[in-house]
Amino acid sequence: MWLISPIMTQDKRRRPLPPAAATTVRAEPATGWGHPLGGLLAAVLGRRQDLAPVPRPGGPSLAGTDLAGRVFTGRRLRAADLRGAFLSGADLRGTDLRAADLRGTDLRDADLSSATLSGADLRGALLAGTHLNGADLRDADLRAAYLFRADLRGAFLLRADLREANFGETVLRGAVLCDADATGAVLDSTDLRGADVCGTAFAEALLSAPRLDRLRWSAATTWPRREWAHRLRSASRQTGPGRFEVVDTAGRG
């Protein structure tokens with residue numbers, strides 16, 4: 001029978017750890033949204049910045065967690081802290097993410113169909129190829145989010161903050177963006193057929209070759225240039241006081 005000395009059983013982890021070596025963060029050049037890959041690079045470079053915790057009582061803390069490909073269908077993650085988490089390819093259909101902190105979160109190719117994200121903070125999130133059809137994004141903050149080729153058919157984006165977001169080749173067919181702020185957003189080859197943009201602000205947005213058939217807009221909608229306002233008015237029919245619908249595809253440009 002072996003006898004174990006008490007000296008051998010002492011927890012060596014109690015010894016003080018050596019100080020961590022200092023690291024230097026290298027500043028990266030700013031990258032604009034002019035090209036799809038440039039937008040992705042800018043999002044990746046910025047996704048870890050400005051991620052200070054915001055008090056959201058009651059939600060689980062999963063910041064920085066690797067949850068890629070996991071299934072959360074119908075789960076309640078209301079007010080969850082998911083800053084910088086990796087959720088690429090995750091199944092989040094019908095998930096309750098109201099008021100969740102998703103700043104800088106990687107949601108590429110994730111399925112958020114019919115998910116509830118009202119009031120969620122998605123600043124700088126990576127949403128390329130993400131399925132958000134029928135999702136509730138009312139009052140959500142999507143500033144500088146990267147939504148290249150995302151699917152937002154029938155999504156609700158009322159009063160959402162979409163400033164500087166990249167919607168390149170994004171599908172927004174039938175989506176409701178009333179009173180949203182899309183100032184400085186990129187809408188390159190974006191599909192807006194049948195969408196409702198009444199009261200939406202597109203000031204300084206890049207609107208290039210969008211699909212606008214049956215697009216509904218109002219006198220309160222602001223366009224990036226006077227030229228766009230003229231083209232949309234010429235291609236639309238009035239459907240009510242101060243309300244219009246695009247009927248001529250010549251409005252595409």
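Of note:
- Applying both filters, DSSP loop and at most 14 other Cβ atoms within 10 Å, to the GluC sites (Glu not before Pro) of the stretch 174-253 gives GLU204.
- Segment ARG225-ARG149, extension gain: residue separation times 0.36 nm, minus the distance between their alpha carbons: 24.9 nm
- A DSSP coil position with no more than 14 other Cβ atoms inside 10 Å describes none of the trypsin sites (Lys or Arg not before Pro) in the stretch 145-187.
- At R0 = 45 Å, FRET efficiency that the Cβ-Cβ distance of SER234 and THR65 yields, to 0.05: 0.30
- Label point at SER189 placed 7 Å out along Cα→Cβ; residues across the stretch 119-156 whose backbone nitrogen lies under 15 Å: 129, 147-151
- Antiparallel content of DSSP bridges confined to the stretch 152-253, in %, to 5: 35
- Placing a label point 7 Å from the Cα of ALA203 along the Cα-to-Cβ line, the residues of the stretch 139-163 whose backbone N sits under 15 Å from it are 162-163.
- Only Cα sites of the stretch 152-253 enter the Debye sum here, all with the same form factor; the resulting log10 I(q)/I(0) across q = 0.14 1/Å is -0.42, listed in q order.
Read the figures in this text as sums done on the coordinates, not as results from a lab. Since we're looking at a predicted model, the values are computed, not measured. Positions of Cβ are backbone-derived with ideal geometry, glycine not excepted, and every protein chain shown enters the neighbour counts.
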